[in-house]
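The values are calculated or read from the model by the stated rules, or taken from the named source; none is laboratory data. Owing to the predicted nature of the structure, the values given are computational and were not obtained by experimental measurement. So basically every Cβ, Gly included, is an ideal-geometry build from the backbone, and we count neighbours across all protein chains shown.
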Amino acid sequence: MNGDDSNMRELDEAEYDAVWDDFYGKFDFKPSVDGPFPAIKEPRDSITFKFRENYTDSDIDNLAKSISTAFVECGVELEEVYYLDWQHDCYALAPTEIQGSWATGFPDGDYAIFLSKDMAFGTFGHPWENSICVFGDRFVKALLTVSPSILEYSIRNSGCYAEPMRQ
């Protein structure tokens, strides 16, 4: 995994607060180590996947590449998207810059969130559930097309628990 962040714009305090306030409001975000899970109200057009237990750095890189590809497929390759890392600095970057940055979408100890600027699509990585919610109809379809290697099976569809569906 590359640590390059030269093409990432750190959110200033006002934008940071505004984006997090919008996220808390839109997704009814309730952070907690102990649950209940999920920590957000998952959108209607979402699928939440469990991560494989024995993943590698290559799998995490593949996740970042898949997220980048899905954003591009949704037509926002020239726009910035948000990368929110709970309790840390947050950034805006072009989707084409995701691959090769440290912002992978994998929740390595904190929530990891990619969002389009209008918050209509993106990902919500949950570190304690070991899962990622992918939302926005076109975004879900685009991500499923590239099928990230780290995804094991789905645990929820549109916020409702489902029989596991192997990826």
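Couple of notes before you dig in:
- Residues that are over 8 Å from the mean Cα position of the chain (by Cα) and either closer than 18 Å to D21 by Cα or without any contact (Cβ under 8 Å) to a residue 60 or more places away in the chain (or both) within the range 109-140 comprise G109, D110, Y111, S116, K117, D118, M119, A120, F121, P127, listed in sequence order.
- Those strands (runs of 3 or more DSSP E) lying entirely in the range 35-110 with at least 3 residues within 15 Å of F139 (Cα to Cα): 46-51
- Tally of residues being touching a helix residue (DSSP H, G or I) at 6+ places or on another chain (Cβ under 8 Å), in contact (Cβ under 8 Å) with a residue 24 or more places away in the chain and closer than 28 Å to T96 by Cβ across the range 8-41: 3
- Checking each residue in the range 66-101 for being surrounded by fewer than 16 Cβ atoms within 10 Å (Cβ to Cβ) and either of a type in the set (F, W, Y) or within 16 Å of G125 (Cα to Cα) (or both) picks out Q87, H88.
- Some residue of the range 45-56 being among the aliphatic types (A, V, I, L, M) and more than 12 Å from the chain's Cα centre (by Cα): no
- Matching residues, the range 128-147, being in a loop (DSSP other than H, G, I, E, B) and at pLDDT 95 or above: G136
- Set side by side, the residues D12, D4, D34 differ, and just one is at pLDDT below 95, more than 23 Å from E129 (Cβ to Cβ), loosely packed, with under 13 Cβ neighbours inside 10 Å and not hydroxyl-bearing (S, T, Y), which is D4.
- Residue in the range 15-28 that is more than 27 Å from E77 (Cα to Cα) and part of a loop (DSSP other than H, G, I, E, B) present: yes
- Filter result for E53 (touching a strand residue (DSSP E or B) at 6+ places or on another chain (Cβ under 9 Å) and at negative phi): yes
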